[in-house]
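Quick notes on the structure that follows.
The values are calculated or read from the model by the stated rules, or taken from the named source; none is laboratory data. For clarity, every value in this text was computed on a predicted model and none was experimentally measured. Note: ideal-geometry Cβ built from the backbone for every residue, glycine included; neighbour counts use all protein chains shown.
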Amino acid sequence: MIEMTGGARGSWDRGPRLGAAYYNEYLPDPSRLETDLQLMVDAGITCIRVGESVWSTWEPRDGEFDLEWLAPVLDGAAEHGIDVILGTPTYAVPPWLSRRHPELAVVRKDGSSVPWGARQEIDYTSEVFRGYAERVIRAVLGRYGRHPAVIGIQLDNEAGLHLIHNAHVVERFRRGVAEQYGDVETLNREWGLTYWSHRISAWDELWAPSGNTTPAYDLAWRRFQAELTADFIGWQAGIAREYIADDTVLTTCIAYQRPAMDDVAVGAHLDIASGNAYYLAQDSLDYAREGAGGQWYADDVPQLILSAERMRATKQAPFLVTETGAASIGGAWLTRPPYDGQLAQVAWLLAARGARLVSYWHWHTLHSGAEVHWGGILGHDLRPGRVYDEIAELGRQFAAASEWVADAEPDADIGIVYAHDSEWMMTFEPPLPGPGDAPDRGSYARIVGAFGRAAIDAGLQVGYVNERQLKDAVELVSRFPTLIVAGLFAASDRTLEILAEYARLGGRLIVGPRTGYADDQGRMRVSTAPAVLGPLAGVAYREFAAPPQPVPLERDGAVVGEGRGWIDALEPGEAEVLLGYRHPLYGRWAAVTRRAVGEGEITVVGTLPDRDSAARVIADVSGPPRSLALLGDRPRGVTVHSLIGPRGRVWVVHNWSPNLTEIELASSVASVVDEAVLEKGSVVGLAAWDVRVWREV
């Protein structure tokens, strides 16, 4: 729990808050500061994020600092009771630094350099770069780190964009490998370097990663790159703590799709996790839609829900949404302003899953630069309109609900294991085909997302747990009565044994495709798959396939759905077969099996079932969701999330649909917004894109 003291500094546990990125320095008329701050107060916006993108404004020339331009913004925020998250500007370097040190440009895998002209072009592992970065961090935080408005410091921004192939980084990687393995013969054996004459006789023969084709090498390289990112954030955290009060929190804005990002490792350096929660609005928020996935934004409702769960899982604690969309996101071609009600829907969803701050990027739509179509709360005319009015109403709702939602923890009916190692290995060699039989390098997210969507379709509240957070089976059973582990391709024996013990202790374990096939070094196992779990589950497989077309699923001779993308050819031993295939080859194998294990059970799913079939499988395993206490019958397109706080349970009910939908209450509730009471048995009409927030009575 993140606790803070003081008046305006407040606590992140006092309830959901609204915020915005505010760049007064970008405005054509910066003198409108007072107008903007008053509009924020009127809309219930209580936190702004500033300063992270403008190193060349802080330091226009080498060693020449201009620090006073931000003083009116921070002083004005304090006067209006608005808190501030101040960012270090190290992700967007000034042109003078790039010109003076061209050798700092990131070198790509193909040997080319990232040209200056966007952002994040610099090798942040370089001691030369860190000298300049430390100087600007100390200057900015030395001036403002203890300003009365500043309650948080954002370290850098969206780190991990590039895999850095600069020569000194590759050499550092070689030294790390040598230290880990001790001698070249051990490395030759552990990585299987006999293949294609890759055996080395001296450490300087370890080739550059740009030409690598060995899976174990690639996994080590990806881990190393993620460690560099975490080290960079930790390095900044060490500097920042010298300049801030004890109750000022450290965070960073995490873009979870970055290739060099291990959010749990980064989160270890933070007081509270923060991240992006971008999504496509309009019809992409129709629950009936099944999006493509794999983007930096969610393009359907389950993906949006799962993105919130990823943020919470970073520290298994409340989190901040430092960026989400207001009017639109991205370039002009993605302009899809939200339908009426959708801003409130998304904000309440994020709050229901643990967000203590929902901050919009950004306050005003930019008039110049690369993101002029990224719609802010105010448009280019800088006048309040429909978006501002809806956010102002949301601010009123958040304020009214604060006493009920403050310090509340989200419920979870089912857990999903997420694993960076498996994600990186599937990026290296994807198991799923994409369009035109091209490899789908988003295969891991596609597999995990399919099972997550199925759980949400079954009416279950989902909670992520990162593989690195699996410490104890007893604790895991206490948190999640049902647990999904799908696509866990690269896993240690210890991880698999924890999952096995989870089932023995009473957990209902759902094992999805590709789980337990490789070990934690990226080597294919000698044992029959799935390793460790297979004997307990009473099933094994020796063959697998990536069928280009769906394969019919059948039960008792009738076709009931289809399997897509992948097949683990399950050979049932003592397991019960729940689903099979109708196919001349695959028909000899099982698609879904189940077996009782100790006090629990293991269900093995060898394919990616279609949406309805997957939801039925997971619903059958997990049992009734908590939402039955509120809605005995949940119409399709309606989701129910709940939180438990000191004053009881709060229900957040969404209608992700363009149509009026009716629900019947299985218990009495009262609105946390206006205290209107609804009795058990009441039939409530949910309008298109509606959200209701109720408390138990």
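Given the residues Val474, Val551, which is the only one that is out of contact with any strand residue (DSSP E or B) (no Cβ under 8 Å at 6 or more places or on another chain) and either on the phi < 0 side of the Ramachandran plot or of a type in the set (Asp, Glu) (or both)? Walk me through how you get there before you give the answer.
On the way: Val551 fails: out of contact with any strand residue (DSSP E or B) (no Cβ under 8 Å at 6 or more places or on another chain).
That would be Val474, the only listed residue that is out of contact with any strand residue (DSSP E or B) (no Cβ under 8 Å at 6 or more places or on another chain) and either on the phi < 0 side of the Ramachandran plot or of a type in the set (Asp, Glu) (or both).
Would you mind finding the one in Val577, Val597, Val617 that is at pLDDT 95 or above, within 28 Å of Tyr287 (Cα to Cα) and among the aliphatic types (A, V, I, L, M)?
The conditions single out Val617.
Has the range 542-557 got at least one residue that is farther than 24 Å from Arg611 by Cβ and assigned by TED's automatic domain parsing to the domain that holds Tyr444? Before the answer, list the steps.
Kept after step one, since they are farther than 24 Å from Arg611 by Cβ, are these residues of the range 542-557: 542-543.
The next check asks that each one be assigned by TED's automatic domain parsing to the domain that holds Tyr444; those that pass are 542-543.
Looking through the range 542-557, at least one residue is farther than 24 Å from Arg611 by Cβ and assigned by TED's automatic domain parsing to the domain that holds Tyr444.
For Pro535, work out the one condition from (1) out of contact with any strand residue (DSSP E or B) (no Cβ under 7 Å at 6 or more places or on another chain); (2) touching a residue at least 24 places away in the same chain (Cβ under 8 Å); (3) more than 21 Å from Ser422 (Cα to Cα); (4) not basic (Lys, Arg) it doesn't fulfil.
Only one criterion is unmet by Pro535, namely (2).
Restricting attention to the range 99-124, report how many residues are in contact with an Asp or Glu (Cβ under 7 Å, 6 or more places away or on another chain) and either of a type in the set (Ser, Thr, Tyr) or at pLDDT below 95 (or both).
The qualifying residues number 0.
The rows are residues; the columns are (1) crowded, with 22+ Cβ neighbours inside 10 Å; (2) touching an Asp or Glu at 6+ places or on another chain (Cβ under 7 Å); (3) at pLDDT below 95; (4) in a loop (DSSP other than H, G, I, E, B).
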| residue | (1), (2), (3), (4) |
| --- | --- |
| His269 | no, no, no, yes |
| Ser274 | yes, no, no, no |
| Gly294 | no, no, yes, yes |
| Leu306 | yes, no, no, no |
| Thr314 | yes, yes, no, no |
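Across the range 404-457, which residue is nearest to the chain's Cα centre (by Cα) among those that are among the charged types (D, E, K, R) and farther than 27 Å from Arg479 by Cβ? Can you show your working first?
First pass over the range 404-457, keeping only residues among the charged types (D, E, K, R): 407, 409, 411, 413, 421, 423, 429, 437, 440-441, 446, 453, 457.
Narrowing further to those that are farther than 27 Å from Arg479 by Cβ: 429, 437, 440-441.
Details: Glu429: 22, Asp437: 28, Asp440: 20, Arg441: 17 Å.
Looking at the filtered set, the residue picked out is Arg441.
Residues in the range 231-253: is at least one in contact with a Phe, Trp or Tyr (Cβ under 8 Å, 6 or more places away or on another chain), among the aliphatic types (A, V, I, L, M) and either assigned to a helix (DSSP H, G or I) or assigned by TED's automatic domain parsing to the domain that holds Met524 (or both)? Break it down stepwise before answering.
Of the range 231-253, the ones in contact with a Phe, Trp or Tyr (Cβ under 8 Å, 6 or more places away or on another chain) are 232, 249.
From what is left, the residues that are among the aliphatic types (A, V, I, L, M) are 249.
Remaining after also requiring either assigned to a helix (DSSP H, G or I) or assigned by TED's automatic domain parsing to the domain that holds Met524 (or both): none.
Scanning the range 231-253, I find no residue that is in contact with a Phe, Trp or Tyr (Cβ under 8 Å, 6 or more places away or on another chain), among the aliphatic types (A, V, I, L, M) and either assigned to a helix (DSSP H, G or I) or assigned by TED's automatic domain parsing to the domain that holds Met524 (or both), so the answer is no.
Pick from Val684, Val693, Val604, Val617: which is in a strand (DSSP E or B) and within 19 Å of Gln461 (Cα to Cα)? Give the derivation first.
On the way: Val684 fails: within 19 Å of Gln461 (Cα to Cα); Val604 fails: within 19 Å of Gln461 (Cα to Cα); Val617 fails: in a strand (DSSP E or B).
Of Val684, Val693, Val604, Val617, the one residue that is in a strand (DSSP E or B) and within 19 Å of Gln461 (Cα to Cα) is Val693.
Which ones in the range 311-355 are more than 15 Å from Thr252 (Cα to Cα) and among the charged types (D, E, K, R)?
Those that are more than 15 Å from Thr252 (Cα to Cα) and among the charged types (D, E, K, R): Arg336, Asp340, Arg353.
Looking only at the range 564-589, which residues are touching a Gly at 6+ places or on another chain (Cβ under 6 Å) and either among the acidic types (Asp, Glu) or surrounded by fewer than 23 Cβ atoms within 10 Å (Cβ to Cβ) (or both)?
Within the range 564-589, Asp568, Gly573, Glu574 qualify.
Looking at Asp389, Asp421, can you tell me which residue is charged (D, E, K, R) and within 30 Å of Thr495 (Cβ to Cβ)?
That would be Asp421, the only listed residue that is charged (D, E, K, R) and within 30 Å of Thr495 (Cβ to Cβ).
Which one is surrounded by the most Cβ atoms within 10 Å (Cβ to Cβ), of the residues in the range 384-425 that are aromatic (Phe, Trp, Tyr) and modelled with pLDDT of 95 or more? So that I can check it myself, show each step before the final result.
Initial filter on the range 384-425 (aromatic (Phe, Trp, Tyr)): 388, 398, 404, 418, 424.
From what's left, modelled with pLDDT of 95 or more: 388, 398, 418, 424.
On the way: Tyr388: 21, Phe398: 24, Tyr418: 28, Trp424: 24.
By that ranking, first place goes to Tyr418.
Yes/no per residue for (1) part of a helix (DSSP H, G or I); (2) in the same structural domain as Leu33 (by TED's automatic domain parsing); (3) among the polar types (S, T, N, Q):
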| residue | (1), (2), (3) |
| --- | --- |
| Ser359 | no, yes, yes |
| Arg383 | no, yes, no |
| Ala399 | yes, yes, no |
| Glu423 | yes, no, no |
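Among the residues of the range 536-563, write down those that are assigned to a loop (DSSP other than H, G, I, E, B) and surrounded by fewer than 16 Cβ atoms within 10 Å (Cβ to Cβ).
So in the range 536-563, the residues assigned to a loop (DSSP other than H, G, I, E, B) come out as 538, 546-550, 556-557.
Scanning the range 536-563 gives Ala546, Pro548, Gln549, Pro550, Asp556, Gly557.
Would you mind stating whether Ala281 is in contact with a Phe, Trp or Tyr (Cβ under 8 Å, 6 or more places away or on another chain), more than 30 Å from Ser422 (Cα to Cα) and outside the structural domain of Val462 (by TED's automatic domain parsing)? Spell out how you get there, then give the answer.
Values: in contact with a Phe, Trp or Tyr (Cβ under 8 Å, 6 or more places away or on another chain): yes; more than 30 Å from Ser422 (Cα to Cα): yes; outside the structural domain of Val462 (by TED's automatic domain parsing): yes.
Yes: the conditions hold for Ala281.
Quick one: Gly587 ticks every box in (1) part of a helix (DSSP H, G or I); (2) in contact (Cβ under 8 Å) with a residue 12 or more places away in the chain except a single one, so which number is it?
All conditions pass for Gly587, except number (2).
I'd like to check something: does the range 60-73 contain any residue that is under 29 Å from the mean Cα position of the chain (by Cα), modelled with pLDDT of 95 or more and either under 23 Å from Glu158 (Cβ atoms) or among the β-branched types (Val, Ile, Thr) (or both)?
Going through the range 60-73, the residues under 29 Å from the mean Cα position of the chain (by Cα) turn out to be none.
There is no residue in the range 60-73 that is under 29 Å from the mean Cα position of the chain (by Cα), modelled with pLDDT of 95 or more and either under 23 Å from Glu158 (Cβ atoms) or among the β-branched types (Val, Ile, Thr) (or both).
Can you say whether Glu25 is crowded, with 18+ Cβ neighbours inside 10 Å, modelled with pLDDT of 95 or more, in contact with a Ser or Thr (Cβ under 8 Å, 6 or more places away or on another chain) and among the acidic types (Asp, Glu), as far as the supplied structure shows? I'd like the intermediate steps shown before the answer.
Numbers: crowded, with 18+ Cβ neighbours inside 10 Å: no; modelled with pLDDT of 95 or more: yes; in contact with a Ser or Thr (Cβ under 8 Å, 6 or more places away or on another chain): yes; among the acidic types (Asp, Glu): yes.
When the stated conditions are applied, Glu25 does not pass them.
Pick from Thr322, Thr365: which is touching a Cys at 6+ places or on another chain (Cβ under 6 Å) and not hydrophobic (A, V, I, L, M, F, W, C)? Walk me through it before giving the result.
Values: Thr365 fails: touching a Cys at 6+ places or on another chain (Cβ under 6 Å).
Going through Thr322, Thr365 in turn, just one is touching a Cys at 6+ places or on another chain (Cβ under 6 Å) and not hydrophobic (A, V, I, L, M, F, W, C): Thr322.
Would you call Ser443 under 15 Å from Gly291 (Cα atoms), surrounded by 23 or more Cβ atoms within 10 Å (Cβ to Cβ) and modelled with pLDDT of 95 or more?
Details: under 15 Å from Gly291 (Cα atoms): yes; surrounded by 23 or more Cβ atoms within 10 Å (Cβ to Cβ): yes; modelled with pLDDT of 95 or more: yes.
Yes: the conditions hold for Ser443.
May I ask you to list the residues in the range 205-257 that are in contact with a Gly (Cβ under 7 Å, 6 or more places away or on another chain), under 30 Å from Arg143 (Cβ atoms) and of a type outside the set (A, V, I, L, M)?
Thr229, Tyr243, Asp247, Thr248, Thr251, Cys253
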